[in-house]
Amino acid sequence: DVGGESSPALFAPVVALLMTGPAATHPHDGPLDWLVPPIIRAIEYGYLAALGFAQDVPEPLIYVLIAVLVYHHYDTVYRTRQRLWPPEWVFRAGLGWDGRMLVVAIAAFVGIMPFAYAALAAYLGVLFGVESVYTWMRTGRGEGVMVNLEEEEEAGS
């Protein structure tokens, strides 16, 4: 029973943290290391969806929370391509993928899943949305650094 209170799914964040902890000090320069971020995203989104559906969280809350996270991750990738790295405090305030999974696991254990999904979606939506709009407005229209990745690759070869 995935949705039961004694469900092993509740402990997935702890298992994920124990498995990723030793890899955190790895230099991340291997040929397949680029796969790590998408795998972590898939684990986070899948966990939020599976636990939310199993605990009867209203579907719109599940979708909104995942959409907020997808927006943040897209914005982060797009900013990186434009050399506009988000400030470190945004990542800390966003709780990280592991922190978000732990919050949801604790909420499932306590029995306040709909509240947790709504609160996380609202908090993260305001945090990531306001900071993103502020950054893009601060750079001005068309004044950001435009990067042609193909030209950079050719120059580096």
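Key figures
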quantity	calculated
Tally, over region 29-52, of residues that are open to solvent by 80 Å² or more (accessible area, probe 1.4 Å) and farther than 12 Å from Arg100 by Cβ	5
Residues (in contact with a Gly (Cβ under 9 Å, 6 or more places away or on another chain) and either open to solvent by less than 20 Å² (accessible area, probe 1.4 Å) or on the phi > 0 side of the Ramachandran plot (or both)) located in region 120-131	Leu124, Phe128
Index of the failed condition, Ala50 passing every other in (1) farther than 18 Å from Phe109 by Cα; (2) assigned to a helix (DSSP H, G or I)	(1)
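The values are calculated or read from the model by the stated rules, or taken from the named source; none is laboratory data. Not measured: the values here are computed from a predicted model. Note: ideal-geometry Cβ built from the backbone for every residue, glycine included; neighbour counts use all protein chains shown. Remember, those area values only see protein heavy atoms, side chains included, never the ligands or the DNA or RNA. Shrake-Rupley method; radii C 1.70, N 1.55, O 1.52, S 1.80 Å.
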